[in-house]
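All remarks here apply to the structure that follows.
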There are 2 protein chains.
Amino acid sequence: MTDESQPHHVTVDRYVERYAARARGMVASEIRALFAVASRPEIVSLAGGMPYVSALPLDAVGDIFDDLVGSRGAVAMQYGSAQGDPGLREQICEVMALEGVNGHADDVVVTVGSQQALDLIGRIFLDPGDVVLAEAPSYVGALGVFASYQADVVHVPMDDDGLQPDALRDAIARTAASGRTPKLLYTVPNFHNPAGVTLAASRRAEIVDIARSAGVLVLEDNPYGLLGFDQEPMRALRADDGDTVVYLGSFSKTFAPGLRVGWALAPRGVRDKLVLAAEAGILSHSVVCQLALSQYLANHPWRDQVKAFRELYRERRDAMLGTLSSVMPAACTWTHPTGGFYVWLTVPEGIDTKAMLPRAVGARVAYVPGSAFFADGADGARHMRLSYCYPEPDRIREGVRRLGAVLEEEVEVRDTFGTTGTPARGLDRPPPNL
Amino acid sequence: MTDESQPHHVTVDRYVERYAARARGMVASEIRALFAVASRPEIVSLAGGMPYVSALPLDAVGDIFDDLVGSRGAVAMQYGSAQGDPGLREQICEVMALEGVNGHADDVVVTVGSQQALDLIGRIFLDPGDVVLAEAPSYVGALGVFASYQADVVHVPMDDDGLQPDALRDAIARTAASGRTPKLLYTVPNFHNPAGVTLAASRRAEIVDIARSAGVLVLEDNPYGLLGFDQEPMRALRADDGDTVVYLGSFSKTFAPGLRVGWALAPRGVRDKLVLAAEAGILSHSVVCQLALSQYLANHPWRDQVKAFRELYRERRDAMLGTLSSVMPAACTWTHPTGGFYVWLTVPEGIDTKAMLPRAVGARVAYVPGSAFFADGADGARHMRLSYCYPEPDRIREGVRRLGAVLEEEVEVRDTFGTTGTPARGLDRPPPNL
């Protein structure tokens, strides 16, 4: 029998007064519910960052696991080292060599996706109130890490050639004027998430020089570097300075996220701390996942698979850019990515992408509002991230058409009433990968 | 050509001034090098906590992976939810039901081993200077987490029936007298690591009552609960209080560590924070590992496998206890575990187990010195942890005989010189699982 005098579905958290200071900001955003809706099949989601793993040779991957566990199961099913499998670390160095990085396997730490590498860097470097420089906009998962260590993010503007050196100098000078030194510069140089731009080759040495001179450690987060559509991989920032740059890599986009294998290549002292922090966090990564990946890299034409992904994503990018040109209202602009997964769309003045999201979902298309990619959530109202990685090209076209129609209506409402409504409140960080 | 004027192999960490406060204690212990030596085949390691995964049906496990990736690869190789696979969470509830826990899958968070669950609890609850109550001795991996969040551990004595209720009351009162309230009580109630004792059924309700009254959240860490040799699984602390107790479980000992699947069952508000913290830390656990485990639980007689492990570990425990009785010098005492992996040995006064370790390794046997299991490393000099989980019974007997001989010599040296030497310096936390 239910006591009708009691309120229903009220969750009282008796520990609410006891959480650590760093946990107080850990509150799910209001738009999470919308993203749950966005996973329904009738909705075209241009919101997620899921790679198209159906393009993998899944039967062959299954066989790798079978052989591995059958023949080396006593190792594969056991605990591993906190630093990661030595053979895989050698192979990771070969992958990085494609971007000019001459790293040593001893300096690689295998992580649970590059997300864990980001988290471990935060853990060993960031005290509350420390300053992290990050592009404007910046990867939502990195902003979540910096927030969880109570760091202050200072955004640095980008243009079509990526991070602006002068703006970086300014940001460092402004931080110094406030009596602080930035600890980290977080950057996604290639096919930026969410901005879709790439740091020009001509700026790379300058960016590293600025950071080095200021004593700022550069976090080069490079999950998409091998996924360029028009050219060979660019030379990594890490290639020319192994002391100033920590390189973060991942197999999530070049192979598959399901194994959760990423890595950090770090200066020796930093590496030592990363290993100890990784051990405190998880003891060790899955050995079976590491060894299956190692077998795949050793025995399958993985470079051809990356090439196949590039072709596939190029076609989807073309589908998105072509339809954007056809259907977007005047005064909309967008970036033209030459690789990776994302287009950054700027909508006309007076339209708020966060306020608009429920109407877009009603029209069966989803995106991530720009505010998600700024540390304080106050910026980005006129922007949104569109992903072309997961839906088939026809679905992308349909989704962009639906989005165009929603934007047309918003422009009409704005022209009639001068505003389009109030944005939902709350931190608007969606799950980084839907 | 080498410049002979330069010093060799000198690593200068230019970031040494820039680490976070929490990272300053992250320094590898001197005895790590010894444990690296201890993995040589001529040495009997009674130090590690590796389960004997060779006893698993490895071919069948390989087939599970093969079927899974071949037929559901597009899901298995993709990102998953930060909370973990819903089906696996249901199965986890069935496993916990064996210990009287009536949990809901919505309140389970799948983690990278229970180590990540420990870390996430630390992350959401512990500010620097917070007090954590933990048994004396306590699990080395938990102490590492508490240290990394700069918490102060207050150890609470145990006896052969586990944690002592009166000692727990005293510890809470002493903490209150110092103006603080403990945030957490960390306990391994069953087949304690490293002490090898089990919390008596008659004490369980009392322990939870004490914690509840004091507003202390109980962390019930229970990786070994199904590995009892003489009886059915005991009723979990969590079974009778879902608000006060967070239950941590793991498949590392009942199945295999290589998949890195553990979990937390937590009150709703705590669960919400755990999910957000897990997402910031790693985005999501490996889906392929979670689904392979789920298939194993669904389609294989996993309870029979646990029973096979129990028989195997019982035989090894008997080998260890029998040989200890035969060879240990007078005045040595040890616990008599009724399950799990560990015996806690107390050596005669005047002998320091950390100082003795290099001599034991020289005699081709390794153990973990007791000081590793105390937060400040100052206690535990007269203790060591012996594991019987991994070596075959004959190797265990040989290892214990070697250890007995080393201890006889130590006693002789002590009787002649009054001391046995100076212990190695530095934090002596070995890798939690060698």
Can you tell which of B:S284, B:A308, B:A298 lies farthest toward the positive end of the dipole of the range B:271-319, using +1 and -1 charges on the Cβ of basic and acidic side chains (Lys, Arg; Asp, Glu)? B:A308
Among DSSP beta bridges lying fully in the protein assembly as shown, give the percent that are antiparallel, nearest 5. 50
With a 10 Å Cβ neighbour count serving as the proxy for reagent exposure, in which order, fewest first, do B:V288, A:V132 appear? A:V132, B:V288
For chain A the mean separation of alpha carbon contacts under 8 Å (6+ apart) over residue count, i.e. relative contact order in percent, is 24
For the range A:93-191, give me the percentage of DSSP beta bridges that are antiparallel, rounded to the nearest 5 percent. 20
Starting from the Cα gyration tensor of the protein assembly as shown, multiply each eigenvalue by 5, take the square root, and state the resulting semi-axes largest first in whole Å. 47, 30, 27
Taking the range B:217-311 and dividing mean pair separation by its residue count, relative contact order in percent (alpha carbons under 8 Å, at least six apart): 28
Count the DSSP beta bridges whose two residues both fall in the range B:156-296, then state the antiparallel fraction as a percent rounded to the nearest 5. 45
Net charge of Cβ neighbours under 15 Å - reference A:K253; Lys, Arg +1; Asp, Glu -1: +4
Low-density loop GluC sites (Glu not before Pro), the range B:310-368, at most 11 other Cβ within 10 Å, DSSP non-H/G/I/E/B, are B:E349
Computed [θ] at 222 nm, deg cm²/dmol, chain B (DSSP H ≥ 4; -39,500 (n - 2.57); rounded to nearest 500): -13500 deg cm²/dmol
Dipole magnitude of the range B:244-370 about its Cα centre, charges +1 at Lys/Arg Cβ and -1 at Asp/Glu Cβ only, in debye to the nearest 20? 140
FRET efficiency for A:D67 and B:E206, Cβ-Cβ distance as r, R0 = 41 Å, nearest 0.05? 0.20
With Cα springs under 10 Å, the Gaussian network model of chain B assigns the largest mean-square fluctuation among B:G228, B:G281, B:G141 to B:G281
For a footprinting-style exposure proxy, rank A:E410, A:E17 by other Cβ within 10 Å, fewest first. A:E17, A:E410
Pairs of alpha-carbon atoms within less than 8 angstrom and 6+ residues apart define the contacts here; what relative contact order does the range A:252-351 have, in percent? 21
Mean Kyte-Doolittle of at least 0.5 plus a Cα span of 20 Å or more along the axis: flag which DSSP H helices in chain B meet both, please. B:58-76
Rank the residues A:F229, A:F373 as a footprinting-exposure proxy: fewest other Cβ atoms within 10 Å of their Cβ go first. A:F229, A:F373
Report, in listed order, any pair from A:K273/B:K253; B:K253/B:K307; A:K253/A:K307; B:K253/B:K273 with a Cα-Cα distance greater than 23 Å. A:K273/B:K253; B:K253/B:K273
Would you work out which of A:A47, A:S387, B:A28 lies farthest towards the positive end of the dipole of the protein assembly as shown, given +1 charges on the beta-carbon of Lys and Arg and -1 on that of Asp and Glu, about the Cα centre? B:A28
Using the eigenvalues of the Cα gyration tensor, what equivalent ellipsoid semi-axes result for the range A:29-108 when each is taken as the square root of five times the eigenvalue, whole Å, largest first? 34, 21, 15
Where does the Debye-calculated log10 I(q)/I(0) of the range A:165-226 sit at q = 0.13, 0.22 Å⁻¹, using only Cα point scatterers of equal weight, no solvent? -0.36, -0.93
Distance histogram for the range B:83-135 (every C-alpha pair counted, 10 angstrom bins, percent rounded to whole numbers): 21, 42, 28, 9
Give me the number: length gained by fully extending A:R359 to A:N299, i.e. 0.36 nm times residue separation minus the C-alpha to C-alpha distance, one decimal in nm. 16.7 nm
State to the nearest 20 debye the size of the charge dipole of chain B about its Cα centre, where the only charges are +1 on K and R beta carbons and -1 on D and E beta carbons. 420
Three-way shape call for chain A based on the alpha-carbon gyration tensor, with the a/c threshold at 1.5: rounded
State whether the range B:347-411 is rounded, prolate or oblate according to the following rule on the C-alpha gyration tensor (a ≥ b ≥ c being the square roots of its eigenvalues): a/c under 1.5 gives rounded; otherwise a/b larger than b/c gives prolate, and the remaining case gives oblate. oblate
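Rule-based calculations on the coordinates, nothing more; no lab input. Please read these numbers as outputs of a predicted model, since none were measured by experiment. Note that we place each Cβ from the backbone using ideal geometry, even for glycine, and neighbour counts take in every protein chain shown.
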